[in-house]
Structure formats: C-alpha cells, structure tokens
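Peer 1: This is the structure, below, for whatever I ask next.
The values are calculated or read from the model by the stated rules, or taken from the named source; none is laboratory data. Since this is a predicted model, take the numbers as computed values, not measurements. Glycine also receives a Cβ, built like all others from the backbone with ideal geometry; neighbour counts cover every protein chain displayed.
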Amino acid sequence: MAKIFCVANQKGGVGKTTTTVNLAAGLAKVGQRVLMVDLDPQGNATMGSGIDKRQLEMSIYDVLLESASVAEARVTSPKLVAADCSYDILGASRELAGAEVELVGLERREKRLKMALEQATNDYDFILIDCPPSLSMLTLNGLCSAHGVIVPMQCEYFALEGLTDLVNTIKQVHANLNKDLAIIGLLRVMFDPRITLQQQVSEQLSQHFGDKVFNTVIPRNVRLAEAPSYGLPGVVFDPSSRGAQAFISFAEEMVERIKKL
Ligand code: ADP
Ligand code: MG
C-alpha cells in the first residue's frame, strides 16, 4: 500500500513543484516505487518531469472525470528511465482548469482522486501530489486522497501568516472528509543561511512546530531552477549540486518518517 502525500501551500512560487518532482526523483533514486500526480493545470510538474503536456493523450483530467483509470493514464519519461531514476506520472494539461467547473455538479466530487488512486495503491511505495496554488476543488481532491501534507515554505517574515489558512483547511478536511490526514511536515526551501532573517524564522519554525519541521533544509540553488527547462528534476539534471543532494537527503528522511506513520 502506497503512502500518499500532497505537496501543498496556497501561495504560488513557494517551491511546491520543485519539491514534488525532486522528491519523486530522489525517492526513485533510493529504490522506491513512485507515482507523481500533477494536480495543477499549469502542468509544471509534468513538463519538469520530461513530459510534454500538449502531447498527453490522457491525463489526470480524464481520471477525475472517470473516463480513464490511473493505469490507463499514467506515463513514464524516457529521459528519467535512461537516467535510472524513473517514476510514473499522471500528467496535467490545460483542460484540467475546466475540471473544477465540471466536477461541481457531480457526486462524490471531492473524492474522485481518492477512488482512482485506490486502484493503483499496490503498485507504489509513494504517491506524491503536486497541488495548485489555491484551496480549490482540485486541492480538496488531493487532500481527501492523502495520508499527509508536505508544506514547502520560505523562511520569510510572512511565512507563518500564510500557514493559518492552510492549517484551517487541513483541520476541516480532517474533521469532515479524511480522518487520515495530517501535516507531515514543514519543509524549509530556497534557504539562504547568509540572510539573518531566514535563520531567525527557521529557528522560530523549529521552536514552534518541533518535529513537524523536517530536518532537511533545501538551499537556494540555481541548478534546481535551471533543471525544468531541460525537462528534468534537479536530482537528475545535476546530481552533485547542493540542491540535488538536499533532495536526496529529504527522500531518505521521508523513507524513515513513513516507518513511524
Ligand atoms: P510553486 O510550485 O509553489 O509555484 P516552484 O517550485 O515552481 O513553486 O518554484 C518557483 C520558482 O522558484 C521556480 O522558478 C523554481 O525554479 C524556483 N525554485 C524553487 N526552489 C528553488 C531552490 N531551492 N533554489 C532556487 N530556485 C528555486
Ligand atoms: Mg507549482
């Protein structure tokens, strides 16, 4: 049975997609079977895994509307297979933006993804879901499917303020829709130790949230930002870079964490 995690934060540009694809690649590298689900109509996680979203025959859209199963819609990236770092991908294309409206009138609309993933759970150790930057019906589908939420955050002054809405949403989903759901951890990303404020916020996070803060810290590293334009996760694009090394450590930390869940 796979452990299922959402990577969520309603802010845009905080590192959700970078975290999802690099954690997927890192887990694959340490021998885990991984499915990555792209729930963002922008399709950045799809493109960043080497899949052209404009050429997808079937996508997460078809899965949500029950016109395809996970087994029918998942794809692999030849580049990742060649690098021996492959994970399965349920890709997203533009039409996913319309799913929001199309789901409204349907029954069990917030549980579509959960039901679809149940068919595939024995094929994987980890299923990672890249959420869009909103608390929408798509994100709700992600939260209803998951055992836990990974929250990437930058150590900035307003970082904690943005957390309140997400924490409240997670509490509501936990109370009403998915008793399994918990925040697994806060992941400090794009960290620059030379900036005193970032160090201070990082320490405050640890004091306030204790072991809900992952030990691994992801540094700001330009190789991670360059990798998507090559259709590769940073972990594959430049395995020796500091960013890639950090994501491998994070993958190892996740493998340890799930033993305690
Ligand atoms: P989100 O999915 O939350 O919108 P992204 O993962 O797309 O955020 O990241 C936003 C931008 O920041 C992207 O251009 C990405 O390449 C860059 N980025 C993310 N993490 C890092 C990092 N650790 N170091 C440098 N750049 C990063
Ligand atoms: Mg994104």
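Peer 1: With (1) acidic (Asp, Glu); (2) at pLDDT 95 or above; (3) more than 30 Å from Arg223 (Cα to Cα) as the list, and Glu107 as the residue in question, which single condition is left unmet?
Peer 2: The one condition Glu107 does not meet is (2).
Peer 1: Please tell me if Val213 is among the hydrophobic types (A, V, I, L, M, F, W, C), within 25 Å of Lys53 (Cβ to Cβ) and touching a strand residue (DSSP E or B) at 6+ places or on another chain (Cβ under 6 Å).
Peer 2: Considered against the rule, which asks whether it is among the hydrophobic types (A, V, I, L, M, F, W, C), within 25 Å of Lys53 (Cβ to Cβ) and touching a strand residue (DSSP E or B) at 6+ places or on another chain (Cβ under 6 Å), Val213 comes out as no.
Peer 1: Another question, if that's okay. Kindly evaluate His208 against the criterion of being within 21 Å of Arg257 (Cα to Cα), surrounded by fewer than 14 Cβ atoms within 10 Å (Cβ to Cβ) and either away from ligand 1 (no atom under 13 Å from the Cβ) or not hydroxyl-bearing (Ser, Thr, Tyr) (or both).
Peer 2: Criteria met by His208.
Peer 1: For the stretch 176-200: of the residues being within 16 Å of ligand 1 (Cβ to nearest atom) and aliphatic (A, V, I, L, M), which is surrounded by the fewest Cβ atoms within 10 Å (Cβ to Cβ)?
Peer 2: Ile195
Peer 1: Does the stretch 158-175 contain at least one residue that is among the hydrophobic types (A, V, I, L, M, F, W, C), within 18 Å of the chain's Cα centre (by Cα), within 16 Å of ligand 1 (Cβ to nearest atom) and farther than 30 Å from Glu203 by Cβ?
Peer 2: Checked against the condition, which is being among the hydrophobic types (A, V, I, L, M, F, W, C), within 18 Å of the chain's Cα centre (by Cα), within 16 Å of ligand 1 (Cβ to nearest atom) and farther than 30 Å from Glu203 by Cβ, the stretch 158-175 yields no hits at all.
Peer 1: Shifting gears a bit: For residues in the stretch 1-19 being among the small types (Gly, Ala, Ser) and either under 14 Å from Ala146 (Cβ atoms) or crowded, with 24+ Cβ neighbours inside 10 Å (or both), which is farthest from ligand 2 (Cβ to nearest atom)?
Peer 2: This residue is Ala2.
Peer 1: Exactly one of (1) under 22 Å from Val63 (Cβ atoms); (2) in contact (Cβ under 8 Å) with a residue 60 or more places away in the chain is unmet by Leu187. Its number?
Peer 2: (1)
Peer 1: Further question: Can you say whether Ala45 is under 13 Å from Met254 (Cα atoms) and over 8 Å from the mean Cα position of the chain (by Cα), as far as the supplied structure shows?
Peer 2: For Ala45, the condition - under 13 Å from Met254 (Cα atoms) and over 8 Å from the mean Cα position of the chain (by Cα) - is not met.
Peer 1: Could you list all residues from the stretch 30-42 that are crowded, with 24+ Cβ neighbours inside 10 Å and either out of contact with any helix residue (DSSP H, G or I) (no Cβ under 8 Å at 6 or more places or on another chain) or of a type outside the set (A, V, I, L, M) (or both)?
Peer 2: Selection gives Asp38, Asp40.
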